[in-house]
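Q: For reference, the structure I am asking about is given below.
The values are calculated or read from the model by the stated rules, or taken from the named source; none is laboratory data. Bear in mind the structure is a predicted one, so any value in this text is a computation, not a measurement. Note that we place each Cβ from the backbone using ideal geometry, even for glycine, and neighbour counts take in every protein chain shown. Ligands, DNA and RNA are stripped out before the accessible areas are found, and what is left, the full protein with its side chains, is counted by its heavy atoms. Shrake-Rupley method; radii C 1.70, N 1.55, O 1.52, S 1.80 Å.
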Amino acid sequence: MTETPGTASAALPAHPPTKALPARRRHAGASETWRVVGIAAGSILFGVAAVLGLGAWLLESMGPVEGVSSVSCAKALSFAGGELPERATDEDCEKKDTLMGPDMRGTFRMPRADVHAWLAAYPGDRSRSIDKETPDGIRTTLDGVVLDVDEPPDAHPNADVVQLTVVYESERTARVRFETFNY
(Lines give C-alpha, C1' and ligand atoms only; values in the text may rest on other atoms or scores of the structure.)
Protein backbone atom coordinates (compact mmCIF):
# COMPACT_ATOMS: atom_id res chain seq x y z
CA MET A 1 0.00 0.00 0.00
CA THR A 2 1.31 3.27 -1.00
CA GLU A 3 0.46 6.46 0.56
CA THR A 4 -0.21 9.55 -1.20
CA PRO A 5 0.59 12.80 0.33
CA GLY A 6 -2.16 14.20 2.43
CA THR A 7 -3.83 10.88 3.09
CA ALA A 8 -3.56 8.99 6.34
CA SER A 9 -2.62 5.42 6.39
CA ALA A 10 -5.19 3.05 7.63
CA ALA A 11 -2.62 0.74 9.13
CA LEU A 12 -1.54 1.24 12.71
CA PRO A 13 2.11 1.41 13.54
CA ALA A 14 3.62 -1.74 15.04
CA HIS A 15 4.21 -0.11 18.40
CA PRO A 16 2.47 2.91 19.72
CA PRO A 17 4.82 5.73 20.54
CA THR A 18 5.91 5.56 24.17
CA LYS A 19 5.48 8.62 26.16
CA ALA A 20 8.01 9.16 28.92
CA LEU A 21 6.28 9.10 32.27
CA PRO A 22 7.40 11.79 34.68
CA ALA A 23 9.70 10.52 37.44
CA ARG A 24 7.99 10.14 40.74
CA ARG A 25 8.97 13.05 42.89
CA ARG A 26 8.88 13.41 46.60
CA HIS A 27 7.47 16.48 48.05
CA ALA A 28 10.44 18.76 48.57
CA GLY A 29 9.02 20.00 51.90
CA ALA A 30 8.88 16.48 53.45
CA SER A 31 12.52 15.82 52.66
CA GLU A 32 13.57 19.10 54.19
CA THR A 33 11.42 18.46 57.29
CA TRP A 34 13.06 15.07 57.97
CA ARG A 35 16.49 16.57 57.52
CA VAL A 36 15.72 19.27 60.09
CA VAL A 37 14.23 16.70 62.50
CA GLY A 38 17.35 14.55 62.17
CA ILE A 39 19.66 17.48 62.87
CA ALA A 40 17.56 18.58 65.86
CA ALA A 41 17.44 15.06 67.34
CA GLY A 42 21.18 14.64 66.86
CA SER A 43 21.85 17.99 68.52
CA ILE A 44 19.65 17.13 71.50
CA LEU A 45 21.30 13.73 71.96
CA PHE A 46 24.75 15.30 71.72
CA GLY A 47 23.77 17.96 74.29
CA VAL A 48 22.41 15.38 76.74
CA ALA A 49 25.52 13.22 76.35
CA ALA A 50 27.76 16.24 76.90
CA VAL A 51 25.92 17.29 80.08
CA LEU A 52 25.97 13.73 81.47
CA GLY A 53 29.65 13.38 80.64
CA LEU A 54 30.49 16.69 82.29
CA GLY A 55 28.48 15.72 85.39
CA ALA A 56 30.23 12.36 85.64
CA TRP A 57 33.60 14.02 85.25
CA LEU A 58 32.80 16.57 88.00
CA LEU A 59 31.62 13.89 90.40
CA GLU A 60 34.69 11.78 89.72
CA SER A 61 37.04 14.72 90.18
CA MET A 62 35.42 15.61 93.53
CA GLY A 63 36.28 12.21 94.94
CA PRO A 64 33.80 9.81 96.48
CA VAL A 65 30.39 11.36 96.96
CA GLU A 66 29.38 8.81 99.51
CA GLY A 67 31.83 6.70 101.38
CA VAL A 68 31.50 4.86 104.64
CA SER A 69 34.42 4.22 106.96
CA SER A 70 34.70 2.77 110.43
CA VAL A 71 35.40 5.20 113.27
CA SER A 72 35.54 4.91 117.05
CA CYS A 73 32.30 5.69 118.84
CA ALA A 74 34.16 8.13 121.13
CA LYS A 75 35.23 10.11 118.04
CA ALA A 76 31.76 9.89 116.47
CA LEU A 77 30.02 11.14 119.61
CA SER A 78 32.64 13.87 120.05
CA PHE A 79 31.81 14.99 116.50
CA ALA A 80 28.17 15.05 117.59
CA GLY A 81 28.94 17.19 120.64
CA GLY A 82 28.71 14.47 123.26
CA GLU A 83 30.77 11.86 125.06
CA LEU A 84 30.70 8.11 125.01
CA PRO A 85 29.35 6.75 128.34
CA GLU A 86 32.02 5.28 130.60
CA ARG A 87 30.61 1.76 130.67
CA ALA A 88 29.72 1.51 126.95
CA THR A 89 30.28 -1.83 125.23
CA ASP A 90 29.72 -3.42 121.80
CA GLU A 91 30.64 -0.22 119.95
CA ASP A 92 29.99 -0.10 116.21
CA CYS A 93 30.25 3.36 114.67
CA GLU A 94 30.93 4.79 111.23
CA LYS A 95 31.47 8.01 109.33
CA LYS A 96 29.53 8.55 106.14
CA ASP A 97 30.80 11.15 103.67
CA THR A 98 28.05 13.00 101.80
CA LEU A 99 27.84 16.10 99.64
CA MET A 100 26.65 18.10 102.67
CA GLY A 101 29.58 16.92 104.78
CA PRO A 102 30.25 13.96 107.02
CA ASP A 103 27.55 12.24 109.07
CA MET A 104 28.27 9.99 112.02
CA ARG A 105 26.15 7.07 113.12
CA GLY A 106 26.53 4.05 115.30
CA THR A 107 25.34 1.80 118.06
CA PHE A 108 26.61 0.71 121.45
CA ARG A 109 25.28 -0.81 124.65
CA MET A 110 25.30 0.78 128.08
CA PRO A 111 23.81 0.10 131.51
CA ARG A 112 20.10 0.86 131.51
CA ALA A 113 20.40 2.62 134.87
CA ASP A 114 22.76 5.23 133.33
CA VAL A 115 20.66 6.10 130.27
CA HIS A 116 18.48 8.92 131.61
CA ALA A 117 21.34 10.79 133.31
CA TRP A 118 23.54 10.44 130.20
CA LEU A 119 20.79 11.74 127.89
CA ALA A 120 19.87 14.57 130.27
CA ALA A 121 23.51 15.73 130.29
CA TYR A 122 23.89 15.56 126.49
CA PRO A 123 24.65 19.12 125.32
CA GLY A 124 22.68 20.98 122.66
CA ASP A 125 19.47 22.85 121.92
CA ARG A 126 16.26 21.00 122.79
CA SER A 127 13.84 23.84 122.08
CA ARG A 128 12.39 22.09 119.04
CA SER A 129 11.82 18.82 120.86
CA ILE A 130 8.57 17.05 120.02
CA ASP A 131 7.84 16.36 123.69
CA LYS A 132 7.43 19.87 125.16
CA GLU A 133 6.16 18.51 128.47
CA THR A 134 9.53 17.20 129.60
CA PRO A 135 12.10 19.88 130.40
CA ASP A 136 14.98 17.71 129.20
CA GLY A 137 13.33 16.89 125.82
CA ILE A 138 13.59 13.13 126.32
CA ARG A 139 10.60 11.28 124.82
CA THR A 140 9.49 7.96 126.20
CA THR A 141 8.60 5.27 123.67
CA LEU A 142 7.14 1.79 124.11
CA ASP A 143 10.58 0.18 124.32
CA GLY A 144 12.92 2.99 125.37
CA VAL A 145 13.54 6.72 124.98
CA VAL A 146 14.45 9.19 122.20
CA LEU A 147 16.29 12.52 122.30
CA ASP A 148 16.73 14.92 119.38
CA VAL A 149 19.38 17.60 119.87
CA ASP A 150 19.75 20.58 117.52
CA GLU A 151 23.07 22.31 116.96
CA PRO A 152 25.22 20.41 119.40
CA PRO A 153 28.02 22.61 120.79
CA ASP A 154 31.64 22.04 119.81
CA ALA A 155 30.49 19.82 116.97
CA HIS A 156 31.56 20.00 113.37
CA PRO A 157 29.71 22.89 111.67
CA ASN A 158 27.76 20.41 109.57
CA ALA A 159 26.37 18.39 112.50
CA ASP A 160 23.07 20.20 112.65
CA VAL A 161 21.03 17.56 114.48
CA VAL A 162 21.84 14.53 116.60
CA GLN A 163 19.20 11.87 117.13
CA LEU A 164 19.71 9.44 120.01
CA THR A 165 17.40 6.43 120.26
CA VAL A 166 17.63 4.04 123.19
CA VAL A 167 16.00 0.62 123.26
CA TYR A 168 15.83 -1.17 126.58
CA GLU A 169 16.99 -4.72 125.86
CA SER A 170 16.69 -6.06 129.40
CA GLU A 171 16.46 -4.87 132.98
CA ARG A 172 20.21 -4.16 132.92
CA THR A 173 21.17 -3.17 129.36
CA ALA A 174 20.14 -0.62 126.79
CA ARG A 175 21.15 -0.34 123.16
CA VAL A 176 21.86 3.21 121.98
CA ARG A 177 21.64 4.18 118.32
CA PHE A 178 22.71 7.64 117.26
CA GLU A 179 22.92 9.54 114.00
CA THR A 180 23.91 13.03 112.96
CA PHE A 181 22.20 14.94 110.15
CA ASN A 182 23.41 17.83 108.03
CA TYR A 183 21.17 20.40 106.37
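Q: Of the conditions (1) open to solvent by 100 Å² or more (accessible area, probe 1.4 Å); (2) under 24 Å from the mean Cα position of the chain (by Cα); (3) modelled with pLDDT of 60 or more, residue 46 satisfies every one except a single condition; which number is it?
A: Here residue 46 meets the rest and fails (2).
Q: Any residue in region 71-85 that is touching a residue at least 12 places away in the same chain (Cβ under 8 Å) and on the phi > 0 side of the Ramachandran plot sitting within a Cβ distance under 6 Å of a residue that is part of a loop (DSSP other than H, G, I, E, B) and open to solvent by 50 Å² or more (accessible area, probe 1.4 Å)? List the pairs, counting only those 6 or more apart or interchain.
A: Correct list of pairs: 81/153; 81/154.
Q: If you don't mind, there's one more thing I want to ask. Filter region 126-183 down to the residues that are more than 19 Å from residue 90 (Cβ to Cβ), touching a Phe, Trp or Tyr at 6+ places or on another chain (Cβ under 8 Å) and modelled with pLDDT of 65 or more and list them by number.
A: 147, 149, 159, 160, 161, 162, 163, 180
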